[in-house]
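Participant: There's a structure below that I have some questions on.
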Amino acid sequence: MIKTIDFLNSIPLLIISVSAVITILVGSFYKKSTKYVYAVTLIALIAAIYYSFGYLDKEYLIYNNFLRVNNITTLFSIIALFAVLLSTLSAKAYIEKEEINFIEFYSLVLFSTAGMLIMIQSYNLITVFVGLELMSISFYILTGFLRKRIKSNESALKYFLLGAFMTGFLLFGISLIYGITGSMSYANIFQDTSVFKNPVFLIGSALFMIGFFFKMGLFPFHLWVPDVYEGAPTTITGLMSTAGKIAAVGTITPFIVYTASDNFRLIFSIIALLTMLIGNVTALAQSNIKRILAFSSIASAGYILVGVAAMNDLSIKSVSFYLLAYTLMQLGAFIIVSLIEKPAEGINEYRNVDIEDYKGLARTNPQLAIPLTIFLFSLGGIPPLAGFWGKYYLFYAAIQSNLIWLSISAILFSVISLYYYLKIVVYMWFNPPANGDVYKIDSMPSLSILIAAFLTFLFGIFPQYFFALFKTPFK
Amino acid sequence: MFADYGQILVFMLFAIAFVAIAFFVALFLAPKKPSYSKESTYECGEDTEGETWVRFNVRYYVVALIFIIFDVEVVFLFPWAVVFKELGLFAFVEMAVFLIILILGFVYVLAKGDLQWDKPQPVIPELKRQIFKVDSN
Amino acid sequence: MPDINTILFYIFAFLIVSFSFIVVFAKNIIYSAVSLFVTLFGTAALYILLRADFLAITQVMVYIGGILILLIFGIMMTTRITDSEIKTTNLSSVPAVFVSAGVFVILIIVLLTTKWNINPPVENDVTVNRIGNLLLTTYLLPFEIASVVLLIALMGAAMYARKK
């Protein structure tokens, strides 16, 4: 039975779902009301973040133990909601430019957000699955939102086929876990630790994790990332690479930290190492900025897995801080890329997304070049920016678990990554302008860029502000 | 309960056997005298035209998809209907929420005109050239 | 003499496996679709043997009555269907064989070596009642989220099928 208290303890989820349903209803009858729907979406997201802060330092199990509210879930929910808010703020200018300014865009973004919240908060494998499907299906549709562009359609099809295939792995894993534990609730699965050594449970959780490794873009399952990120509309790429990844990491990290024992640290470490290798080395050869950022996102998934592989008290703390820093810098970079991109009727490729087009940007558009430089420096891990502390905490967590070789190689790969980030910076500042275009920036995208850049500095100089939010320590 | 499915199985076996027997009996008993007109495709006496495989209109697809969605809904309605009396108003409200959300999708599809068939635009013959010279005076 | 359930199980299992092979290896995709019918139907029969009658009916209604039809629709709507036969081929069959064989062997070993919790099927048990009760009380949240998933699936499909 569902009690009234359950609704009170899941206000953010309710706000997001109800406003998503309302936007569909409005969208069916009033085609011209996109402006209001945009405002409603933003208000819903801000309200959801506001109410989420109220759940910090509280613990509930709601909806018959299907959802769980605690510090970890609230933290990941806030970061995911924040990523959605930043990208929605800047999305309007982009979708107007590309003439895809439909109300469905906002309802799908809201539905995917509801899916993320369900996933992150779930305390049962069924809700994990349903939330993941809600998020993924919304993303499949949003990826192909630019229907006049063949690149977008192609990437939507690729993403859908591979994603559906991987969902099969996930379901098979869930069914094996259910077969051996007789329950899908985390409460019962984690109750008896002797089952963790059972081969069926191991295979089941491995398949379950494969489904999430796909969503995170980790090594053997990363192949879809560059193609899909390049083909999707740029704001959606930003949304997928940050909010989608936060949801996947936020769901699987507690699961791994609870279930996996020290014996599997090596497997995770090797996957992390290979992911960083593939991401960083392949990025060196790219010239399309969306692909560079896609490979940088693969590499970031590798860094995150370094923290997860540590499997100690610092894991969740460091992973969440890195995710916040990553959201700020990666999303900020994608917003700027979406502003520089040119609309083009009737061509199949995206225009103005090559790094050659960024030559001399500092001279023609310093208001874009300066924040992009900040974000790229932060991605490269240069102090005193948030990205530096994000990596610092992750590698520190790994060293605590005696994974010194992994930390050293992660630092090495981080240094390699500086090459392709700095290449863009050099193109922007030290090359003559490729063209004299001055890009028009609306107030909303510039607001989101400002927020992202400000927070990149803030958490870079005072990283302890982030942890001060939580009075009780993480488990 | 379980025996009821045995009846279905027996029924199916009979159905398969019936078709198979009829087929084989025809195969052995029927005289075989093929000719050109016997071998040709029967289309009510008309000459056949084009291929058997035709491309369907994409609009059927939307109809089929809506069918699937509501098919799944009906599957959920079964167990609801069985326990409805037991659970009362509570179950009613829950199913109402479920149905409203799905019907919203249907309203969306209707309002967007996805179920509307394109009416063929009649091509009205238009005369480009003047046949009769109209005297302007 | 094995009992009738075991015999029926092996008959249906044989049907499922052999027709699955046709689904995978048939050159013409229409043959694959039709063979899928037998596979799905056999699965429904297995559900009945497991005394999961509601699941069996769902399988017949949704998979055979809905998804299979949609699949054949999808083939019929493909362009160039009149120009050439729609063929299915595999590009990298050798690695695929190795991976599937590996997964198969691991699963079989695990299946045989594990001690499973086996409950004998309850005779004359109607599952619909209990499913209905659980769906509307304990499993209410996933049930309602499922409707939202169906809603966006419908929305997305309608958007993609729309002209412009």
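Participant: As an exercise: evaluate A:Ser152 against (1) within 12 Å of chain C (Cβ to nearest Cβ); (2) part of a helix (DSSP H, G or I); (3) within 21 Å of A:Thr251 (Cβ to Cβ) and give the number of the one condition it does not meet.
Facilitator: Only one criterion is unmet by A:Ser152, namely (3).
Participant: Of all the residues that make up the stretch B:56-75, how many are more than 7 Å from chain C (Cβ to nearest Cβ), in contact (Cβ under 8 Å) with a residue 12 or more places away in the chain and more than 15 Å from C:Ser147 (Cα to Cα)?
Facilitator: Final tally of qualifying residues: 2.
Participant: Another question, then. In the list B:Tyr60, B:Tyr36, which residue meets the criterion of being surrounded by 10 or more Cβ atoms within 10 Å (Cβ to Cβ) and not small (Gly, Ala, Ser)?
Facilitator: After ruling out the rest, the residue left standing is B:Tyr60.
Participant: Quick check on A:Thr41: is it buried (at least 16 other Cβ atoms within 10 Å of the Cβ), polar (S, T, N, Q), in contact (Cβ under 8 Å) with a residue 24 or more places away in the chain and within 14 Å of chain B (Cβ to nearest Cβ)?
Facilitator: Details: buried (at least 16 other Cβ atoms within 10 Å of the Cβ): yes; polar (S, T, N, Q): yes; in contact (Cβ under 8 Å) with a residue 24 or more places away in the chain: yes; within 14 Å of chain B (Cβ to nearest Cβ): no.
When the stated conditions are applied, A:Thr41 does not pass them.
Participant: On to the next question. Only one of these is within 14 Å of chain B (Cβ to nearest Cβ), surrounded by fewer than 18 Cβ atoms within 10 Å (Cβ to Cβ) and at pLDDT 85 or above: C:Ile67, C:Ile30, C:Ile108, C:Ile86. Name it.
Facilitator: C:Ile67
Participant: I need every pair where a residue in the stretch C:1-30 that is without any contact (Cβ under 8 Å) to a residue 24 or more places away in the chain has its Cβ under 6 Å from the Cβ of a residue that is surrounded by 13 or more Cβ atoms within 10 Å (Cβ to Cβ) and assigned to a helix (DSSP H, G or I), sequence separation at least 6 or different chains.
Facilitator: Note: pairs meeting the criteria are C:Phe19/C:Ser35; C:Phe19/C:Val38; C:Phe19/C:Thr39; C:Ser20/C:Thr39; C:Ile22/C:Ser35; C:Val23/C:Ser32; C:Val23/C:Ser35; C:Val23/C:Leu36.
A quick yes/no check of all residues on (1) surrounded by 24 or more Cβ atoms within 10 Å (Cβ to Cβ); (2) under 17 Å from the mean Cα position of the chain (by Cα); (3) over 24 Å from A:Gly279 (Cα atoms):
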site: A:Ser138; (1), (2), (3): yes, yes, yes
site: A:Leu171; (1), (2), (3): no, no, yes
site: A:Gly182; (1), (2), (3): no, no, yes
site: A:Asn188; (1), (2), (3): no, no, yes
site: A:Phe212; (1), (2), (3): yes, yes, no
site: A:Phe221; (1), (2), (3): no, yes, no
site: A:Val228; (1), (2), (3): yes, yes, no
site: A:Ile246; (1), (2), (3): yes, yes, no
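Participant: May I pose another question? Quick one: would you say A:Phe201 is of a type in the set (Phe, Trp, Tyr) and modelled with pLDDT under 90?
Facilitator: Criteria met by A:Phe201.
Participant: Let me ask something else. Name the residue, out of B:Leu110, B:Leu102, that is assigned to a helix (DSSP H, G or I), under 22 Å from C:Leu70 (Cβ atoms), of a type in the set (A, V, I, L, M, F, W, C) and within 7 Å of chain C (Cβ to nearest Cβ).
Facilitator: B:Leu102
Participant: Which condition from (1) of a type in the set (Phe, Trp, Tyr); (2) over 23 Å from A:Ile137 (Cα atoms); (3) within 14 Å of chain B (Cβ to nearest Cβ) is the one that A:Phe102 breaks?
Facilitator: For A:Phe102, the exception is condition (2).
Participant: Another question, if that's okay. A:Ala333 passes all but one of (1) assigned to a helix (DSSP H, G or I); (2) surrounded by fewer than 17 Cβ atoms within 10 Å (Cβ to Cβ); which number fails?
Facilitator: (2)
Participant: Continuing with the same structure: Out of all the residues in the stretch A:1-21, which are β-branched (Val, Ile, Thr) and more than 10 Å from chain B (Cβ to nearest Cβ)?
Facilitator: Across the stretch A:1-21, the qualifying residues are A:Thr4, A:Ile5, A:Ile11, A:Ile15, A:Ile16, A:Val18.
Participant: Is it the case, given these coordinates, that A:Ser52 is hydroxyl-bearing (Ser, Thr, Tyr), within 14 Å of another protein chain (Cβ to nearest Cβ) and under 27 Å from A:Ile449 (Cα atoms)?
Facilitator: Details: hydroxyl-bearing (Ser, Thr, Tyr): yes; within 14 Å of another protein chain (Cβ to nearest Cβ): no; under 27 Å from A:Ile449 (Cα atoms): yes.
Considered against the rule, which asks whether it is hydroxyl-bearing (Ser, Thr, Tyr), within 14 Å of another protein chain (Cβ to nearest Cβ) and under 27 Å from A:Ile449 (Cα atoms), A:Ser52 comes out as no.
Participant: Just checking, how many residues over the stretch C:138-164 are facing another protein chain (nearest Cβ under 7 Å), in a loop (DSSP other than H, G, I, E, B) and modelled with pLDDT under 85?
Facilitator: 1
Participant: Hey, among the residues in the stretch A:16-29 that are more than 21 Å from the chain's Cα centre (by Cα) and of a type outside the set (S, T, N, Q), which one's surrounded by the most Cβ atoms within 10 Å (Cβ to Cβ)?
Facilitator: A:Ile24
Participant: Let me confirm something: among A:Tyr419, A:Tyr439, which residue is in a loop (DSSP other than H, G, I, E, B) and of a type outside the set (Val, Ile, Thr)?
Facilitator: Answer to the check: A:Tyr439.
Participant: Does A:Leu171 meet the test of being assigned to a helix (DSSP H, G or I) and facing chain C (nearest Cβ under 10 Å)?
Facilitator: no
Participant: Assuming A:Lys32 fulfils every condition listed in (1) surrounded by fewer than 21 Cβ atoms within 10 Å (Cβ to Cβ); (2) within 22 Å of the chain's Cα centre (by Cα) apart from one, which condition is it?
Facilitator: (2)
Participant: Here is a follow-up. What's the number of the only condition in (1) under 27 Å from A:Gly279 (Cβ atoms); (2) in contact (Cβ under 8 Å) with a residue 60 or more places away in the chain that A:Val415 fails to meet?
Facilitator: Failing condition for A:Val415: (2).
The values are calculated or read from the model by the stated rules, or taken from the named source; none is laboratory data. In this text, all values refer to a predicted model and were calculated from it rather than measured experimentally. In this analysis, Cβ positions are derived from the backbone assuming ideal geometry, glycine residues included, and neighbour counts consider all displayed protein chains.
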